[in-house]
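The values are calculated or read from the model by the stated rules, or taken from the named source; none is laboratory data. Model, not experiment: these values are computed from the prediction. No Cβ is skipped: glycine too gets one built from the backbone with ideal geometry, and neighbour counts run over all protein chains shown. Areas reflect the complete protein model, heavy atoms only, side chains present, ligands, DNA and RNA absent. Shrake-Rupley method; radii C 1.70, N 1.55, O 1.52, S 1.80 Å.
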Amino acid sequence: MSTAQDYFSLFSLPRSFEVDRTALRARYRELQGESHPDRLAAAGEAEKLAAVQLSSRLNDAFATLKEPLSRAAYLLELAGVSVDEVSQSDLDMDVLLEQMQLREAVAEAPEGEAGLGVLQPLKQDIDARLKAGCRKFADSLEANNLKLAKKCFHELQFLDKLFREIEASEEQRLGY
């Protein structure tokens, strides 16, 4: 197995935003079992080092491919699009204003468990937007519209962050 392979090839998966997570998990376990450094206790130092490097690469690849946002960033990087460089054309002003309004709604939710009634519908709305954004990203990528795919990625970043903030706020209100 070559360490130069992209993460999809490493797991024998098609290079696509849509990933069969069950197949990914199964292939990860299989590859980790085959190449785990503990299996090479009697091997030479070079073989042990190679096994450690491969195990680390498998961990990185699995972590990247199992999460939609990191998978989207990786696919854009493979296409030669840097997600770290953000320009005005990558951000839609309406989306930014909407994000501010959603954040205000979260911030203004009543304290304690009373706020859960406000947060739950917001969370459901954000979840639906995340799913729609993922479909839009996948369609844009498939159409090789990398500019739109990058824009979708940045919108997904905002939504994902807001979703996590709502979850954290819910947990805090419930005393977790």
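Tabulated data for the structure shown
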| quantity | calculated |
| --- | --- |
| Dipole magnitude of the chain about its Cα centre (Cβ charges: Lys, Arg +1; Asp, Glu -1), debye to nearest 20 | 600 debye |
| Exposure rank, largest accessible area first [HIS154, HIS36; 1.4 Å] | HIS36, HIS154 |
| Given charges at beta-carbon only (K, R positive; D, E negative), |dipole| of the stretch 69-157 in Debye | 380 debye |
| With DNA, RNA and ligands ignored, accessible area of GLU108 (1.4 Å probe; Å², nearest 10) | 140 Å² |
| Where the Cα pairs of the stretch 11-81 fall when distances are cut into 5 Å bins, in % | 3, 16, 23, 20, 15, 11, 8, 3, 0 |
| Folded to 0 to 90 degrees: helix 116-142 orientation relative to the chain principal axis, Cα | 50 degrees |
| Cα-based helix-to-principal-axis angle, 45-66 vs the chain, degrees rounded to 10 | 30 degrees |
| Sites LYS161 and GLU34 - FRET efficiency at Förster radius 35 Å, r taken between beta-carbons, to 0.05 | 0.45 |
| Between helix 93-107 and the chain: long-axis angle, C-alpha atoms, 0 to 90°, nearest 10 | 80 degrees |
| Residue-averaged 222 nm ellipticity for the chain, from DSSP H runs of 4+ at -39500 (n - 2.57), nearest 500 | -23500 deg cm²/dmol |
| Two-decimal Rg to Rh for the stretch 100-154 - Kirkwood Rh, Cα set | 1.19 |
| For the chain, alpha-carbon Rg and Dmax in angstrom | 20.1, 62 |
| Relative pair counts by distance (%), Cα atoms of the stretch 77-176, 5 Å bins | 2, 12, 22, 20, 15, 11, 9, 6, 3, 0 |
| Alpha-carbon spread of the stretch 53-103, three principal axes, descending order, Å | 44, 25, 12 |
| Hits among lysines - C-alpha to C-alpha of LYS131 under 30 Å, sequence gap 8 or more where chains match | LYS66, LYS123, LYS147, LYS150, LYS151, LYS161 |
